[in-house]
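Undergrad: Right, I'll just put the structure down here and ask away after.
The values are calculated or read from the model by the stated rules, or taken from the named source; none is laboratory data. Source: prediction; values computed, not measured. For neighbour counting, all protein chains shown are included, and Cβ atoms are generated from backbone atoms with ideal geometry for every residue, glycine included.
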2 protein chains.
Amino acid sequence: MTESKDFLYPQKWLSKASAGDRVAYELRMRIISGLIENGTILSENKLAADFECSRSPVREALKTLSSENIIRLERMGAVVIGISEKEIQEIYDVRLMIETFVFERLVRMDTTELAMELSKILEMMKVAIKYQDADEFAYQDVLFHETIIRSIDHSYIEMIWNNLKPVMEGFILLSMRVRFKENYEDLTRIVKNHELYIDAIKAKDRNLMIQSLHQNFDDVQGKVDDLWRSQQMLSTGVEQQDD
Amino acid sequence: MTESKDFLYPQKWLSKASAGDRVAYELRMRIISGLIENGTILSENKLAADFECSRSPVREALKTLSSENIIRLERMGAVVIGISEKEIQEIYDVRLMIETFVFERLVRMDTTELAMELSKILEMMKVAIKYQDADEFAYQDVLFHETIIRSIDHSYIEMIWNNLKPVMEGFILLSMRVRFKENYEDLTRIVKNHELYIDAIKAKDRNLMIQSLHQNFDDVQGKVDDLWRSQQMLSTGVEQQDD
DNA sequence: ACGTGTATACTTGTATACAAGTTATTATAA
DNA sequence: TTATAATAACTTGTATACAAGTATACACGT
């Protein structure tokens, strides 16, 4: 039980977060990473003991996680749904759906400011690669897409994003940690991909955008593999919990 | 303050609901209907007193409502966002988006069972018209679309629906109550519209589906007008609250 | 051996208490 | 009259207490 006290979610990102948020972020990571297996039944009391807090923050976290579709609240306990291949596919269905929608709006807007902002984020990503900071890279990657989505000022599209984001973030976080160790050269390809996306936004070229999205999606397939490897790394590094 | 104790949400739909759910459903209706004006700052304590319960269920309700984008949780109090013309447009953007996505899946499935189920719901709607039960009609209307969406078994599309549904339901509820009083003949047109939708699903005809969706959308524009009328009816029938 | 009832150890939902922080108000001084 | 400091009345976030319901295990009678 030595390793299990480690946190999967970057603690510095939680500096001003409430206990409820902390539980949500960490619990989410443990579920996405497979550390907590699908089908597991979570009890509020056990979680409260685990996270050394009262049931109030735990309840809040469980409600959040259930609205993100990674657990299911039932009469007795919360059942872990987690992220299997099907869910990953579904998440990217939705991402494709909303990003396509967003692009249709973007082509009717002035995108110079957005393109500038995205370029800045891209620079950040390059720096993160240079200093081998996987977490920072993941953060900027998520921010990149969030910036695009928020630029059209559509509160209900943003609502969808808000529900998707935490899971995406966790997913990408785990994936990038593996890549920084094992597939370092992949990162430059991801950067290229994002450059393509910016070009598409600048040129307002649908074909280019579709192309970029699809390449991004191919990357995702890679991420899926990474995730499994990440799960294996975790599960072999940590002893089994008895129930 | 005589009228303000009335409930906007059908109480019989809350038979087994928790206090938290009751607060959420009723508060949502008061926000959507405009009974609680946009920009109002809600306090947990005041709401708890209003609904005669403790802060726990109120907190739960506020969290739900904020994930539905009709309030915004801030440091001090929850700010009511509500549903203005912009939000209604946005909600229907999303509905169009997901229902189009769903249809693309449907055309690759066996839809006979679904069509049967939808026909049943349509019959229910006709009965509701016959007995002038606006709430039941609204319920079946929402169920109709929910049934279509759930038929493709896509948990993240369902996630979007789950976040959208309560607001949609409330919105349609208010709209139908007005129509049953003032635009009774509209209802048969809505039924026709749904029949068209079923035909599109049976025939797997994209054009027919698009046509039906757009007519449905025209209906929505009507609903928007109804909503304003509903809001006026409420605001003139109820004395102002002093703050 | 097997069904049935009961005791027990869980579970959630809700109320309440308390701490820490923010806003508003009031009193005081210039 | 105005600026400022202190106090009072809020606010949320978290812990805890309690009630009501549910699953489990165990004993008992058949």
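Undergrad: Of all residues in region A:63-74 being more than 10 Å from chain B (Cβ to nearest Cβ) and either in contact with a Leu (Cβ under 8 Å, 6 or more places away or on another chain) or among the polar types (S, T, N, Q) (or both), which is farthest from residue B:56 (Cα to Cα)?
TA: A:71
Undergrad: Would you point out which residue out of B:39, B:77, B:34 is more than 16 Å from the chain's Cα centre (by Cα), more than 14 Å from chain A (Cβ to nearest Cβ) and under 24 Å from residue B:229 (Cβ atoms)?
TA: Unique residue meeting the criteria: B:39.
Undergrad: Follow-up question, since we're still on this one. Looking at region B:102-132, which of its residues are touching a residue at least 12 places away in the same chain (Cβ under 8 Å), of a type outside the set (Val, Ile, Thr) and part of a loop (DSSP other than H, G, I, E, B)?
TA: B:109, B:132
Undergrad: Can you name the residue in region B:130-158 that is surrounded by 20 or more Cβ atoms within 10 Å (Cβ to Cβ) and within 14 Å of another protein chain (Cβ to nearest Cβ) and is also nearest to residue B:179 (Cα to Cα) among such residues?
TA: Result: B:149.
Undergrad: Quick one: would you say residue A:104 is within 14 Å of chain B (Cβ to nearest Cβ), more than 13 Å from DNA strand C (Cβ to nearest atom), at pLDDT below 95 and within 20 Å of residue B:159 (Cα to Cα)?
TA: No: the conditions fail for residue A:104.
Undergrad: Let me confirm something: among A:21, A:50, which residue is acidic (Asp, Glu), within 14 Å of chain B (Cβ to nearest Cβ) and either within 16 Å of DNA strand D (Cβ to nearest atom) or at negative phi (or both)?
TA: Only one candidate passes the filter, namely A:21.
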